[in-house]
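Here is the structure we will look at.
The numbers here are math on the coordinates, done by the rules we state, and not lab data. What you see is a predicted model; the values in this text were computed from it and never measured. Cβ: placed from backbone, ideal geometry, glycine included. Neighbour counts: every protein chain shown.
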Amino acid sequence: LGGSNAAGPALGFQPVRASVADRVVVPEGYTAQVLAPWGEPVGIAGQMPAFRADAGNSAEEQALQMGMHHDGIHYYPLDGSRRGLLCLNQEYTDEGLLHPDGQATWTAAKVRKSQAAHGITVIEIEQRPDGWQMVRPSRYARRITATTPFAIGGPAAGHPLMRTIADPSGMTVLGTISNCAAGQTPWGTYLSGEENWANYFTASDVPTGHERRWGINKATWYRWPEFDPRFDTVRNPNEPNRFGWVVEVDPMDPKSTPVKRTALGRAAHEGAWVAVTKDGRAVVYSGEDAVFEYIYKFVSRDKIQPATKDKTAAQANATLLDHGTLYVAQFNADGTGRWLPMVHGQGPLTAANGFADQGEVVIKTRQAADLLGATKMDRPEWLAIDPNSGWVYCTLTNNSQRGTAGRPGVDAANPRTRNTMGQIIRWKEALDFASEAFVWNHLLLAGDPANERPEAKGNIKGDVFAGPDTIAFDNRGLLWIGTDHSASAQGEFARMGNNALLACNPVSGEVRRFLVGPQRCELTGAAWTPDGRTMFVNIQHPGSGSPRDGSNPRQFSNWPDFNPAGRPRSATLAIRRLDGGVIGA
Ligand code: FEO
Ligand code: CA
Ligand code: CA
Ligand code: CA
């Protein structure tokens, strides 16, 4: 560890205290400005319906506005660090906040509005004397929703298990949902993970084995199947196979068709992050945020191509992620590990075991990983690659089922029973990001030494936290950690307060709390302008848990508007230093 700077990047700010206030707290000398909350029109010319604080916007208006529950986010420069695009995920909806009377009544129009509030958003922003502002209208402004057409790339394209009545060729999917974390590719595109998609589908009274392995049950949180048969697996048994992919978007081309990249495997994908091998191939790391599931990597067959005079870099690499090898991680007790290839015909991945071809291997990635004997992890969320050392980091957010009756026990990588706190694991590939062997250890086990239960104490050097979720490295190699622990800061979480953003020197392990969010939110997403002087993070689901019938939308939070007739809204924060310096330095 360490590279050129043996001590690692300095933490140059005064830590903030834990807080349970309904506001954003940042260190002295910093400001956090609210940008692009749910419901703001994104800026499509001639179609900019104003947000209605009573949630009275229609489905058609919502499809032209910021979606709900901002998550992964990246910045794409148009004019360096002064003007650019933000591409961000709208992970899910809180139906009690989305409609004036929540789910007290349930209609086809509400399903359409819910679907329009999901997906991915592109907005243009610029720095003005009064701070960062949305540029509206903008020719880049775009909403991708749960009904936008997607192409399918890779081995599952056209596969019999991808075909439906509406799409007999299995080549076009309507929409993306549960878009959680996000990565940025070296060729200028955006990768987004479809995470908790299984919750949108309903199964019959007796789900199939395939449905059970993916957590598709009779009950559905979102109640879409009542008015949209696409999400009823009795009528559309293959529709779930069309979700759970990493999707790729070219934010610079608002007319481009987004693509589901099936070669990367199907999962409850948190997100996807790219490293580059010495010979110029792309390696995409991803994990799935579900208890006892896996960490994956994909190594592209071909090298990343530069832009040409006819093609942008995005266009030159339009099929790069469709060809390559998928692997799943095995962490050994001795601190070594292996990437197990998930290739049809190799080892147990044969027709006799239920995999007709590579398409079926990637559609049934979980079942294939089970057969290979990969390591069952404590909910892998974000991954990040240290620009100085090349170590790869992954948050394992928690797993309170670990070691309980009938569930897998502890192992070296997931060492705590009833793991309520989470840990951050890291590994170094043997020779190159394409290597099949690695060594690993833990950066830290999260927790609070004041807790009684030994498994909840952790070993953090510095400010305590739980539920590490977002991680991202800035240009200097400081590791930023966004938390997502239980909404009410009680019990083992009492001293942690609301969810927070912390910074960690990965060489020394020192952790400092940088920002605390409003009540019942989580901190998610982390992106910077190229100069490192603005950081973008998202405040997701402030006030979560208010009644689903919409009767008390301000019960837990009214951030950021504090409108007595309004409701809490997820939003992006643009964080600056008052002296214009580099964030965190
Ligand atoms: Fe969408 Fe795993 O957080
Ligand atoms: Ca997350
Ligand atoms: Ca989480
Ligand atoms: Ca979450």
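Highest average first, the peptides 261-269, 566-574, 44-52, 469-477 ordered by how many other beta carbon atoms sit within 10 Å of their residues are 261-269, 566-574, 469-477, 44-52. Amide H to amide H distances under 5 Å link Ala472 with Trp480, where only residues 5 or more positions off or on other chains count and H is placed in the peptide plane.
For segment 162-293, would you read off the P(r) tail past 25 Å as a percentage of all alpha carbon pairs? Working shown, then result.
Working: 2546 of 8646 pairs.
For segment 162-293, the share of Cα pairs beyond 25 Å comes to 29 percent.
Across segment 398-536, Cα-Cα distances exceeding 21 Å account for 47% of all pairs. For segment 291-354, applying the loop criterion from DSSP together with a ceiling of 15 other beta carbons within 10 Å to the trypsin sites (Lys or Arg not before Pro) yields Lys309, Lys311. From least to most packed, judged by other beta carbons within 10 angstrom and beginning with the fewest, Arg366, Arg281, Arg495 follow the order Arg495, Arg281, Arg366.
Taking GluC sites (Glu not before Pro) as exposed when DSSP calls them loop (any state but H, G, I, E, B) and at most 14 other Cβ atoms lie within 10 Å, what is the longest stretch of the chain free of them, the sites themselves excluded? Working shown, then result.
On the way: sites that count: Glu28, Glu452.
Between the exposed loop sites, the longest stretch runs 29-451.
Per residue, the chain reaches -1500 deg cm²/dmol at 222 nm when only DSSP H runs of four or more residues are counted, each adding -39500 (n - 2.57).
May I ask you to derive the relative contact order of segment 300-356, considering only C-alpha pairs under 8 Å and at least 6 residues apart, and to give it as an integer percent? Let's see the in-between values first.
Numbers: 57 pairs, mean separation 13.2, N = 57.
So the answer I get is 23 percent.
Normalised radius of gyration (Cα atoms, divided by 2.2 N^0.38 Å) for the chain: 0.90. A simple rule links phi to the HN-Hα coupling: the Karplus curve 6.51 cos²θ - 1.76 cosθ + 1.60 with θ = phi - 60°, which for segment 311-324 gives 10, 6, 4, 4, 5, 5, 10, 5, 10, 4, 7, 9, 9, x Hz, with x for Gly and Pro. Couplings 3J(HN,Hα) of segment 451-464, computed from phi: 5, 6, 5, x, 6, 10, 7, x, 9, 5, 8, x, 5, 7 Hz, in residue order, whole Hz [Karplus 6.51 cos²θ - 1.76 cosθ + 1.60, θ = phi - 60°; x for Gly and Pro]. In order along segment 58-67, phi translates into HN-Hα couplings of 7, 4, 5, 5, 4, 5, 10, 10, 3, x Hz, rounded to whole numbers, per the Karplus curve 6.51 cos²θ - 1.76 cosθ + 1.60 with θ = phi - 60° and x for Gly and Pro. Applying D = kT/(6 pi eta Rh) to segment 38-146, where Rh is the Kirkwood radius over alpha-carbon pairs, T corresponds to 37 °C and eta to 0.692 mPa s, the Stokes-Einstein value obtained is 230 µm²/s.
Considering only DSSP beta bridges whose two residues both sit in the chain, what percent are antiparallel, to the nearest 5?
Working: 114 of 120 bridges.
Restricted to the chain, the bridges split so that about 95 percent are antiparallel.
R0 = 41 Å: FRET efficiency of Ser58 with Ala585, Cβ-based, nearest 0.05? Let's see the in-between values first.
Numbers: r = 46 Å, r/R0 = 1.12.
Efficiency computed from Cβ-Cβ geometry: 0.35.
The alpha carbons of segment 28-79 give a radius of gyration and a Dmax of 13.7, 42 Å, in that order.
Amide H contacts of Arg281: Ile304, each under 5 Å away and 5 or more positions distant or on a separate chain (H built 1.01 Å from N in the peptide plane; Pro and chain starts excluded).
Amide H to amide H, with H built 1.01 Å from N, Leu444 comes under 5 Å of Ile424, counting only residues 5 or more places away or on other chains.
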